Amino acid sequence: MQRTIPPFRADEVGSLLRPQRIKEARAKLEAGEIDAAELRRIEDVEIEKVVHKQKSIGLQLATDGEFRRSWWHFDFLAKLTGCELYHPEGIQFAGVTTRPDNVRVTGKIDFADDHPMLDHFRFLNKQCAVTGATAKMTIPSPAVLHFRGGRKAISKDVYPDLEPFFEDLARTYRKAVKAFYDAGCRYLQFDDTVWAYLCSQDELKKVRERGEEVDRLQEIYARVINYAIADRPADMAITTHVCRGNFRSTWISSGGYEPVAETLLAGTNYDGYFLEYDSDRAGGFEPLRFLPKGKKVVVVGVITSKFGQLERKDDVKRRLEEAAKFVDIDQLAVSPQCGFASTEEGNILSEEEQWAKLSLAVEVANEVWGK
């Protein structure tokens, strides 16, 4: 049967390809031809349109496509108290390097009531109220702030020891959860590349070489996440999305979920898990056996967001059947494996192909779980 609470049987991760009008407006802002208020007006118009589009293809939720962001994570993290954007070097993906942006901790971290993404959500929520869709907000997981830069990106003057940093990080995100709830958010997602990187021997080697205590990271991150979401009200769903990298249709890490599955699925208190399963790099469905029986849901990302070729409906159904060998079908849902534009550059496919993939998820869900 279909679900009336998030995550839904047919769902989406969050980001959508930026409309050409927004890309042109950002270029004009950079050139000094328009001001920030005009860019905001254009974003508002395009977000209103994309919310209606999501509803029109049958999704029960809508995001703002992350249209106001340049990055899926840095835009949020850089606006936390005590954090700032800086420009060391780009992130190396398979065959391509990103723009040289990162975030570092320069002061005591906290979440302020004027964080700009609260207003971003309020606007989205108003548009969703018109269509009847559930407004979904996406923010980076707290683990991302530590893992991306590690010890060297956290001021030793402010945090000579990392334990107080993790305590402040957990409190900061607990405040963020409450602030989004008070703003009307009932569907919040922590986007997280870290758990996938912990499955990659290459990524673990890099982290060890910079001096991190790799063997403790799973326990630390689970503790921070669970504290952050512990006080959420019963009518608020919080999910996570685990990603192996998504920049212009490329990737970073490889490795199945087995090394982290028990801690992630049974040891973190999320309501749902968006897990990418669109390539061999994600391994098999066997790790899903760690999902506790009950209300938690795994949203299997067997539809790729990286390329435009549309999957065959029967193949998607077959993969759901394979996953159901390890977890009850009532605890499964389907979506693309990632967003379509984790950065403003976007993946290598057209908007028409993007909507075809989301429509496919809806069609499959209706046929597997009923309309």
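The values are calculated or read from the model by the stated rules, or taken from the named source; none is laboratory data. From a predicted model like this one, the values you see are computed outputs, not experimental measurements. All Cβ positions, glycine included, derive from the backbone under ideal geometry; neighbour counts span all protein chains shown. SASA here: full protein model, heavy atoms, side chains in, ligands and nucleic acids out. Shrake-Rupley method; radii C 1.70, N 1.55, O 1.52, S 1.80 Å.
Residue by residue, here is whether (1) in contact with a strand residue (DSSP E or B) (Cβ under 6 Å, 6 or more places away or on another chain); (2) closer than 22 Å to Lys206 by Cβ; (3) among the polar types (S, T, N, Q) holds:
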site: Phe121; (1), (2), (3): yes, no, no
site: Val130; (1), (2), (3): no, no, no
site: Ala133; (1), (2), (3): yes, no, no
site: Lys136; (1), (2), (3): yes, no, no
site: Pro140; (1), (2), (3): yes, yes, no
site: Phe147; (1), (2), (3): no, yes, no
site: Leu162; (1), (2), (3): no, yes, no
**Item:** Residue under evaluation Arg281, criteria (1) surrounded by 16 or more Cβ atoms within 10 Å (Cβ to Cβ); (2) without any contact (Cβ under 8 Å) to a residue 60 or more places away in the chain; (3) in contact with a helix residue (DSSP H, G or I) (Cβ under 6 Å, 6 or more places away or on another chain); (4) not in a loop (DSSP other than H, G, I, E, B), criterion not met
**Value:** (3)
**Request:** Please work out if Asp191 is of a type in the set (Asp, Glu) and surrounded by fewer than 22 Cβ atoms within 10 Å (Cβ to Cβ).
**Result:** no
**Item:** Top-ranked residue of the range 327-364 - restricted to ones that are modelled with pLDDT of 95 or more and of a type in the set (D, E, K, R), ranked as surrounded by the fewest Cβ atoms within 10 Å (Cβ to Cβ)
**Value:** Glu352
**Complete:** Filtering the range 34-73 down to residues that are among the hydroxyl-bearing types (Ser, Thr, Tyr) and modelled with pLDDT under 95 yields Ser70
**Asked** Counting only residues that are of a type in the set (D, E, K, R) and free of Cβ contacts under 8 Å to residues at least 40 places away in the same chain, which one in the range 203-226 is nearest to Glu258 (Cα to Cα)?
**Response** Asp215
**Request:** Report yes if some residue within the range 280-290 is under 16 Å from the mean Cα position of the chain (by Cα) and modelled with pLDDT of 95 or more; otherwise report no.
**Result:** no
**Message:** I'm trying to understand the selection: among the residues of the range 102-126, which are open to solvent by 20 Å² or more (accessible area, probe 1.4 Å) and in contact (Cβ under 8 Å) with a residue 24 or more places away in the chain?
**Reply:** Arg104, Thr106, Lys108, Asp110, Ala112, Asp113, Pro116, His120, Arg122, Phe123, Asn125
**Request:** Identify the residue in the range 284-310 that is out of contact with any Cys (no Cβ under 8 Å at 6 or more places or on another chain) and either in a helix (DSSP H, G or I) or small (Gly, Ala, Ser) (or both) and, among all such residues, is most open to solvent (accessible area, probe 1.4 Å).
**Result:** Arg289
**Message:** Given the criterion open to solvent by 90 Å² or more (accessible area, probe 1.4 Å), within 22 Å of the chain's Cα centre (by Cα) and among the aliphatic types (A, V, I, L, M), identify the matching residue among Ala222, Ala234, Ala230.
**Reply:** Ala234
**Asked** Of the conditions (1) hydrophobic (A, V, I, L, M, F, W, C); (2) in contact (Cβ under 8 Å) with a residue 40 or more places away in the chain; (3) in a helix (DSSP H, G or I), Met1 fails just one. Which one is it?
**Response** (3)
**Item:** Condition check for Glu367: open to solvent by 50 Å² or more (accessible area, probe 1.4 Å), in contact (Cβ under 8 Å) with a residue 60 or more places away in the chain and not basic (Lys, Arg)
**Value:** no
**Message:** Can you find, within the range 207-216, the residue that is modelled with the highest pLDDT among those that are open to solvent by less than 40 Å² (accessible area, probe 1.4 Å) and either closer than 28 Å to Lys136 by Cα or part of a helix (DSSP H, G or I) (or both)?
**Reply:** Val214
**Item:** Whichever residue in the range 311-339 is assigned to a strand (DSSP E or B) and among the hydrophobic types (A, V, I, L, M, F, W, C) and, among such residues, is farthest from the chain's Cα centre (by Cα)
**Value:** Leu332
**Message:** Quick check on Ala112: is it in a helix (DSSP H, G or I), out of contact with any Cys (no Cβ under 8 Å at 6 or more places or on another chain) and at pLDDT 95 or above?
**Reply:** no
**Request:** Please go through the range 131-174 and pick out each residue that is of a type in the set (D, E, K, R) and modelled with pLDDT under 95.
**Result:** Arg148, Arg151, Lys152
**Asked** Of the residues that make up the range 85-102, is at least one at pLDDT 95 or above and in contact with a strand residue (DSSP E or B) (Cβ under 9 Å, 6 or more places away or on another chain)?
**Response** no
**Message:** Looking at Val130 and the list (1) among the hydrophobic types (A, V, I, L, M, F, W, C); (2) in contact with a Gly (Cβ under 8 Å, 6 or more places away or on another chain); (3) open to solvent by 10 Å² or more (accessible area, probe 1.4 Å), which single condition is not satisfied?
**Reply:** (2)
